[in-house]
1. Residues in the stretch 195-210 that are part of a loop (DSSP other than H, G, I, E, B) and either within 25 Å of residue 32 (Cβ to Cβ) or touching a Lys or Arg at 6+ places or on another chain (Cβ under 8 Å) (or both): how many?
2. Name the pairs whose Cβ atoms lie under 7 Å apart, with the first residue in the stretch 125-138 and over 21 Å from residue 205 (Cβ atoms), the second of a type in the set (Lys, Arg) and surrounded by 15 or more Cβ atoms within 10 Å (Cβ to Cβ), and 6 or more positions between them or separate chains?
3. Select from the stretch 94-130 the residues that are part of a strand (DSSP E or B) and surrounded by fewer than 19 Cβ atoms within 10 Å (Cβ to Cβ) and list them in ascending order.
4. Yes or no: residue 72 within 30 Å of residue 135 (Cβ to Cβ), more than 19 Å from the chain's Cα centre (by Cα) and free of Cβ contacts under 8 Å to residues at least 40 places away in the same chain?
5. Across the stretch 21-59, what is the total count of residues that are buried (at least 17 other Cβ atoms within 10 Å of the Cβ) and assigned to a helix (DSSP H, G or I)?
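Taken together, the values in this text are just the output of simple stated rules run on the coordinates, not laboratory data. Computed from a predicted model, the values in this text were never measured in an experiment. No Cβ is skipped: glycine too gets one built from the backbone with ideal geometry, and neighbour counts run over all protein chains shown.
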Amino acid sequence: LGQNVNAYHGSDQDLASLIYQLADIEGLDRIRYMTSHPKDMSATLIRAHAEVPKLMPYLHLPVQSGSNQVLGRMNRGHKVKDYLAIIDSLRRAQPNIALSSDFIVGHPGETEAEFQETLTLVRQVGYAQAYSFKYSERPGTPASEALDPVPEEIKADRLSRLQALLKEQQLECNLNLVGTVQPVLFDRPGKYSNQIAGRCPQMQAVHLDLPSEAVAVSIYGSIIEVEILSAHANSLKGCLTNATIAALEHKGVELVKI
């Protein structure tokens, strides 16, 4: 976890080689990393997504804008074609990978045509989730001295349109998991009594209702196979599979059909 974590270099290794070493640790079942920068997304790191089963099929790779002109003014160091080439390579390496990103709308000088390029990129990539914001001035940055700020009402309108598209994609991604069985790492209580929550490999939140607090406690910290029953914009609802129920009962956990 860190800014530009994929730029990491130790004395004799990079992030990819570190991941390979971590994968050899017995009892360490899942590996994730964030946040990455496109300019530091190496071929070896992409290959790790194909070769390391413990490396979860999820990547947060901020692009910020779909316009080369805006990216240049942001000094991002990459172009749209570079970003799309990385996405293509990642999906060849790991077809099931879920992608998330960051977007900023209304960067000084952004035109409607440049904003439309961002929408085009979003439609082309397809995101499981994303974070999006209106540009806000940061003292000391070149953009804070720009003479062509985007009016607040235009920034708000663009953010609304972008978020509507991202929300549509996120829901579609979640709906695609309905009916599948997912290994979920449950690590926290849910919003309601006797409910626990966790993450499936692609990082979507999953909620599971259980018959008692005792059963919930018995599952905390475990990776449990769950059938996905329904999907919402921000989460999935699941139930225990028959195989999971049998395994829990074999361990002495008393379950009641719910």
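1. 5
2. From residues that are over 21 Å from residue 205 (Cβ atoms), the pairs are 134/155; 135/155.
3. Let us first name the residues in the stretch 94-130 that are part of a strand (DSSP E or B), namely 98-105, 129-130.
Within the stretch 94-130, 102 is the sole residue that qualifies.
4. Yes, satisfied.
5. Total meeting the criteria: 6.
Yes or no, residue by residue, for (1) in contact (Cβ under 8 Å) with a residue 60 or more places away in the chain; (2) within 26 Å of residue 233 (Cβ to Cβ); (3) touching a strand residue (DSSP E or B) at 6+ places or on another chain (Cβ under 7 Å):
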{"site": "45", "(1), (2), (3)": "no, no, no"}
{"site": "83", "(1), (2), (3)": "no, yes, no"}
{"site": "97", "(1), (2), (3)": "yes, yes, yes"}
{"site": "116", "(1), (2), (3)": "no, yes, no"}
